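The values are calculated or read from the model by the stated rules, or taken from the named source; none is laboratory data. Since we're looking at a predicted model, the values are computed, not measured. Note: ideal-geometry Cβ built from the backbone for every residue, glycine included; neighbour counts use all protein chains shown. These accessible areas exclude ligands, DNA and RNA; they are computed on the full protein's heavy atoms, side chains included. Shrake-Rupley method; radii C 1.70, N 1.55, O 1.52, S 1.80 Å.
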Amino acid sequence: KMENVLHGVAQSLKEAEESLTEWDLKVGDGDCGATFKRGAEAALADMDGYPLNSIPDTLESIAKSVARSMGGTSGALYQIFLLSLCATTRQQEKKEGADSSSSLSHLAFAFDEAISKIASSGGATEGDRTMLDALIPASRSLQQSSQLERELLPALELAVLAAECGAEATKEMDARAGRSNYVPEAVLRQTPDPGAKAAAIWMRAALEAYKKSSS
């Protein structure tokens, strides 16, 4: 399952290069598509060496692939995200066994912890027109589903929808972080944040690959 999910995520980011670049040329440095494509290609190249029988060890390996390939702010923040997920899932597995990291409550907690690390490191929050505008709604949805004791797959579906809605909503947001600060409002209102869209894209791809593997 994990290998299929990783392949799906990597392929989706490679295919999204043109769209991400188009958006980023309008509101950023223009390198978002190429950055995520490099990360995807590095993960695909390194995957044979990933310890796919261990979720935390695989997350740590992906972080190393990201570190050597992506660069820039996105690369640094995704390293932080992945290493936080790794640390939290490793702690969970030590306490409750290897299967614990795939439970909804633990996933919701690990995801929230990782996003908090991104926010504190990058200095942005929800509404600042960044990747967090996809990630935070997804995290909030996972926590709500956990509290309502939903099954894992419906919870993931809702989280991905929340991420996609959050990413699309960046068109209506004022820029308060990054290069978008200097972009005319008329351009911002026509263009989603590419970092938020990238997050929604890989989350959708992960979900679809997981569903195929589970069927």
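Summary of values
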| read-out | value |
| --- | --- |
| For region 18-176: rounded, prolate or oblate by the Cα gyration tensor [a/c cutoff 1.5] | oblate |
| Nearest-0.05 FRET efficiency for Q91 and D174, computed from C-beta distance (R0 35 Å) | 0.40 |
| Per-residue [θ]222 nm for the chain (sum of -39500 (n - 2.57) over DSSP H runs n ≥ 4, rounded to 500) | -24500 deg cm²/dmol |
| For the chain: accessible area per residue (Å², 1.4 Å) | 48 |
| Gap separating the Cα centres of region 1-70 and region 119-151, nearest whole Å | 20 |
| Estimated D of region 93-155 in µm² per second, where Rh is the Kirkwood radius over Cα pairs and Stokes-Einstein applies at 10 °C, 1.306 mPa s | 127 |
| For region 51-137: span of alpha carbons on each principal axis (Å, largest first) | 38, 29, 16 |
| Area of E208 that stays accessible when all protein chains are in place (1.4 Å probe, Å², to 10) | 70 |
| Assigned charges on the beta-carbon of Lys, Arg, Asp, Glu; the chain dipole about Cα centre (debye) | 200 |
| Selected from S139, S65, S121 as most flexible by GNM, with the chain as the system and alpha-carbon contacts under 10 Å | S121 |
| With all protein chains modelled, accessible area of F111 [1.4 Å, Å²] | 20 |
